[in-house]
Every structure is written in structure tokens, then in C-alpha cells.
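Report on the structure given below.
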Amino acid sequence: MSPELEAEIAALLADPPADPPADPPADPLQVIAEGMIVPAAHHHALATLLKAHGYGLYVTVAASHWPQEKASRKEPNPPPERFEVATVLRNPTAPGAPAFWWSVHLAPAEAIDSIVDLFAGADWQEREQWDLVGVVFANHPNLKRLMLPEDWQGHPLRKDYAIDTPHAPWR
Amino acid sequence: MSTDHASTHVVTPWTALTPPPRVDPYVDLSEFEADGDLMVLNLGPQHPSTHGVFRIKLVLDGEVIVKAVGYPGYLHRGVEKLCEKLTFANITPILDKNDYLAPMTSEQCFNMALEKIAGVEVPRRGRWIRTLLAELQRIASHLIAIGTFAMDIGGAIGGGTNLFMWTFRERELILNAFEELTGSRFHYNTSCFGGQRHDLPAGWDLGVIKALDQIERRMVEYADFGTANPIFVNRCRGIGVLGRDLALELGLSGPLGRASGIDHDLRRDAPYHCYDELQINVPVLTAGDCEARYDIRVQEVRESIRLSRQLLAGVPEGPICSEKPNIGPTSVRVKGAPAYVAIEGPRGELGTFLIPTDKGTQPYRMKIRPPSLHAVAVVEHLLPGNNLSDAVAILGSLDPIMGEVDR
């Protein structure tokens, strides 16, 4: 990643988001690095910026569910329930074809902006993450289940989804 | 098959194809459906050209497709959820079943993610063997892609199933070599945390060289079956042209991307294993049609044969694994920050996004980035505007593996 792009990303993230989240991530990474935590309000702008700088190959999106853990002596105030959405983009033309991924932390009812308008490939990938993990992608044109039947109850990759959850038999 | 297609189709110069304008996959057809102009046709899920179980709902205006909606998921087995319940040592055999035509690369990708998080380095001989097996696996996988595509387009390649049978015969040679090495023909479980499980047996390379000679000799004929065959060219040239921009946006990086002019190959651009010690020629075509997607695979097989010979000639001495052999399901412990690792599978970028648990024995979340899911997502953009008879050719040229699409 070039220093100019790093500076632009830093400038983008320095802007206060128009709609500040009620519960900002506890420890946002200050360096531009793989796996950095980005506020949800900056997600779409960051993808736009990266695409304009050659990161045009859509790689993948991976959502994960983090339920609130029980308070323990080690962690008296565990962080509240959250979702983490990691987005990976790649620059296929730069030397080394670097991939860059960042993470967005969401409260349970919070939605993340879809990037289907930038990357047509995000369509099915975001549908799959909604289907399996239950993260809502705002402005997605067709947020329907992809892998599971349309009448499936629940989102199986959530940590609170028991593996033996009863469900209606497949027709 | 459409009867008027071959006569009306104008054969254009191969490199001068312009992609059709982008289509809206969500085009609203409600006003047409009311007066019965359009017909809905389900292609699949049990259709030979879907290479598994994949359903496409086609909305047809006469012979022309106006809208295509893909429905994957018929083979969804919940692999990612299952992996969260298994220990790291137990996962490799599960991943063999994902891309069942190229299990070697699936298991290598996962173990590379573990090694990256744990900071473990694989010994040079282990990496060398992984490189060699990945290239042999690419040959085997592309042979199936070539053969099944020939079957999909039916009579265009001398009787349809001839080439299919012949490429299976050649692939058998590589499967025999893998069987001699690992004891199994498909689900090898030979890659493990820190290196390889099985060392090359004595004299193994002689058999592989003989097999490579035979495959190379036959590949000349198979290439001619395609690009030197006017019926094949009429059937494939200019059909399903995929533009470079759309291919990038959809995340097509493998042979599909390279057939559309994306000069990108992770083996050359971001070398892993021992690829930095090799000179790799990456074939790139600009046409982006079905013929280019066939031809690129033929060229890649030849390149992989060349690389395999080079690899066989210089296998270094030393250990094949840097870790102790697995003695139990919890013997692999990996702790650290999440990581994304990608390798160049036969179908494109195969990636693993892995978050280990705090204890370091299981994945907390594991996302597999299957190249085939991105490949089948193309149909909604590529099929509209084409004839129904071309839908099968386009789908066959994408070479999707439903095992890794649905996972």
C-alpha cells in the first residue's frame, strides 16, 4: 500500500462520522494496517477510496457474531454483543498484488452499508452473510437468503444458534 | 440446441470482442409477465451442465434470455459451522470435500492460514512438495474442466462425450500418483499444520514424469479439438463475453479473469510455497468468451506440466514438516490475530479467513472464499441477451464446483 493512499485513508478516518455510533469500538487501531477497525459510517467511503486506488478485485466479506460473555475476574466488564464484518479487497495490478482487509464492528440491531453499487460481486457474498450470520446490509437491492431455504428460521452461524435447533423439514 | 444459431452466427476476429453492455440483474418484468409474452424455464438443479446441483431461473422471450436468477444452496452442508465445532487437526479432511476436483489446494490453503497465524515456517522440502502437488492437482482439475465443457456443448467436439472420457483417462494417471503418495484417490489429507504428512516414495517421480509426457502429448490433440475445430469455434467464439471491469468487480481472478484480460496470478504476483523460485509464464487472453475460457485452461495445463517437470527435477533434501506429527485432535494449537490467506487454486483465488478461539484449538469463525461462488454469480450478469442454447455453453465454461459454492 502506497504512502499516499495510507495518508488518504487516515484523512478519511479522521473525519468525524456524520452519524456517530452510540457505542464506539473500545480500541480503534490508529495505524493503517490489515484488520484495522473502521467505523460503520466510513465503510462505504473506504471501499470507494480503495477502489479508486486500484483495489478493484472484490475478494470476500466475512461476518462473525460475538455474544456478550459472562463477567469474570479477568474481564469484569465484558464488551456488549456485537457483529464484526471483515471486507477484503485486492489490488491485482500493483506489485505483490496486495490484499487489504478491514473490520467493522456493529451493535446487534445496526446495519452496515452494502457495497453492491461498487462491486457487483458483493451481491451474493453479502446475501450469504445475511443468510448465515444475520448481519443486515443497508441499501442491498435483494437481501434474500442465498444458501438456506427462504422459510428457514434463524441464522446458523450465530453463536447462540444451537447446532441441534429444530427446524421445519425440507420439502 | 438451436438450429438456426450456427448459420446466423457471425464469426468475429477473436481478439476484437467488445463486452456487451452491463445488464441489471434485478430488471423488473412485471408488466411483461401479465400478458404472457415471457416464459419461465428452470435450468437445474438436476441438469448435467450445472456440474452438480445449481438452479437458474431463466425468463425467456422466445429463445432469448431476458433475466436469469441463480439459486445455489442445494449442496449446503454447513461446513463453516461444522469447522467451528472441530479442532484444527480435524478440519483438513473436511475441507477435502469442498472442492472435490482440487482437494489438494483446499487443504493447503487452510493449513497456510494456521501457519500464518502461528508464525510457523514450513521446511523447504515440505513447501516444494506442496508446490508440486498443487501443480499436478491443477492439471487434473483443468482436464476435467476441459472434458466436461466438451460434453456440455455436445456434438461440437466430435460426439460430445469422447473428450470427456479421454480427459478422465489422463486425469487417472495423476490420481494414481496421488494414491501412491497418500493412499487415497480423492480426499488426500496430506497437508498438515507445519508441512506435509507423506514424503515422496522412492521412484515416485519416474511414474509422474511418464504420466506428464503422456498428458502433454495428448494435450496437443485436445487443444486442436477446440480452437482448430470450426464447429467448436462457431459454438463458442463471441459467446458469453465477460468484460474485464465486470470480472474484477465480481472477484474473478483465476482462469476466468485471465481469459478476460486480468493479468493477475497469485503464484507469480504474491508467491507462496516455492513459487518465488520458479519462472512462471501466466497466459492471459483478452477475448473473454467461452473459447478463451477453454483455451486458457489448455495453456495453463501446458504451463503446469512444464512447472511440474522443473519441480520434479530439483526436489530438495530435508524434513517435510516442521511440527511434530499429530498425536491427537488437540495437538495443534494456534493463537493470534485473525488472518486472511489466499492461494491460486485451479479456479481462482481460494482464500481462508480465520479467527482462532482464545484457547487456540478451534476456529472461532472460518470463512472460506470459494472461487466457484464468484464464478456462478456471473450467470445473472452474463446470461441475459444470450440464446437459451448458449446458456449451457456459458455455464460449462465457468467450470463451477458446487461442493465449494454451497459449502
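Here is how the numbers come out for the structure above:
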{"quantity": "Residue that is surrounded by the fewest Cβ atoms within 10 Å (Cβ to Cβ), among those in the range B:67-106 that are in a helix (DSSP H, G or I) and within 12 Å of another protein chain (Cβ to nearest Cβ)", "calculated": "B:K85"}
{"quantity": "Residue in the range A:76-97 that is closer than 27 Å to B:P363 by Cβ, more than 11 Å from every other protein chain (Cβ to nearest Cβ), part of a strand (DSSP E or B) and modelled with pLDDT under 90 present", "calculated": "yes"}
{"quantity": "Helices (runs of 4 or more DSSP H) contained in the range B:158-256 and holding at least 1 residues out of contact with any helix residue (DSSP H, G or I) (no Cβ under 7 Å at 6 or more places or on another chain) and more than 27 Å from B:L382 (Cβ to Cβ)", "calculated": "B:161-182, B:204-227"}
{"quantity": "Those residues of the range B:233-254 which are more than 14 Å from chain A (Cβ to nearest Cβ), within 22 Å of the chain's Cα centre (by Cα) and not small (G, A, S), in sequence order", "calculated": "B:C236, B:R237, B:I239, B:V241"}
{"quantity": "Residue identified as away from every other protein chain (no Cβ under 11 Å) and among the acidic types (D, E) among B:E344, B:E349, B:E300", "calculated": "B:E300"}
{"quantity": "Some residue of the range A:46-56 being within 22 Å of B:A247 (Cα to Cα), facing another protein chain (nearest Cβ under 8 Å) and aromatic (F, W, Y)", "calculated": "no"}
{"quantity": "Residue count for the range A:73-122, restricted to those that are of a type in the set (S, T, N, Q), more than 22 Å from A:P141 (Cβ to Cβ) and buried (at least 18 other Cβ atoms within 10 Å of the Cβ)", "calculated": "2"}
{"quantity": "Candidates A:F119, A:F100, filtered to the one that is at the interface with another protein chain (Cβ under 10 Å from one of its Cβ atoms) and part of a strand (DSSP E or B)", "calculated": "A:F100"}
{"quantity": "Any hit, the range A:37-45, residues being at pLDDT below 85 and in a strand (DSSP E or B)", "calculated": "yes"}
{"quantity": "Residue check for B:V315: in contact with a Phe, Trp or Tyr (Cβ under 7 Å, 6 or more places away or on another chain), modelled with pLDDT of 85 or more, assigned to a helix (DSSP H, G or I) and more than 14 Å from every other protein chain (Cβ to nearest Cβ)", "calculated": "no"}
{"quantity": "Where B:K335 falls short, out of the listed (1) within 28 Å of B:K85 (Cβ to Cβ); (2) modelled with pLDDT of 90 or more", "calculated": "(2)"}
{"quantity": "Single unsatisfied condition, A:A107 versus (1) in contact (Cβ under 8 Å) with a residue 60 or more places away in the chain; (2) over 19 Å from the mean Cα position of the chain (by Cα); (3) more than 9 Å from chain B (Cβ to nearest Cβ)", "calculated": "(2)"}
{"quantity": "Residue in the range B:376-395 that is in a helix (DSSP H, G or I), under 30 Å from B:N111 (Cβ atoms) and out of contact with any Phe, Trp or Tyr (no Cβ under 8 Å at 6 or more places or on another chain) present", "calculated": "no"}
{"quantity": "Odd one out for B:T286 among (1) modelled with pLDDT under 90; (2) closer than 19 Å to B:G257 by Cβ; (3) surrounded by 22 or more Cβ atoms within 10 Å (Cβ to Cβ)", "calculated": "(3)"}
{"quantity": "Of all residues in the range B:379-390 being out of contact with any His (no Cβ under 9 Å at 6 or more places or on another chain) and crowded, with 24+ Cβ neighbours inside 10 Å, the one that is farthest from A:A86 (Cα to Cα)", "calculated": "B:L383"}
{"quantity": "Restricting the range B:255-267 to residues that are facing chain A (nearest Cβ under 8 Å) and over 15 Å from B:A287 (Cα atoms), the residue that is surrounded by the most Cβ atoms within 10 Å (Cβ to Cβ)", "calculated": "B:H264"}
{"quantity": "Total residues in the range B:55-66, condition more than 14 Å from every other protein chain (Cβ to nearest Cβ) and either crowded, with 23+ Cβ neighbours inside 10 Å or not in a loop (DSSP other than H, G, I, E, B) (or both)", "calculated": "7"}
{"quantity": "Identity of the residue in the range B:291-342, among the β-branched types (V, I, T) and closer than 30 Å to A:E34 by Cα, that ends up farthest from the chain's Cα centre (by Cα)", "calculated": "B:T330"}
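Okay, residues lined up against (1) at pLDDT 90 or above; (2) out of contact with any Asp or Glu (no Cβ under 8 Å at 6 or more places or on another chain):
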| residue | (1), (2) |
| --- | --- |
| B:G203 | no, yes |
| B:I209 | yes, yes |
| B:Q214 | yes, no |
| B:M219 | no, yes |
| B:F225 | no, yes |
| B:A228 | no, yes |
| B:F232 | no, no |
| B:G243 | no, yes |
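The values are calculated or read from the model by the stated rules, or taken from the named source; none is laboratory data. Fair warning: this is a prediction, and the values are worked out from it, not measured in the lab. As a convention, Cβ positions derive from the backbone with ideal geometry for all residues, glycine included, and neighbour counts pool all protein chains shown.
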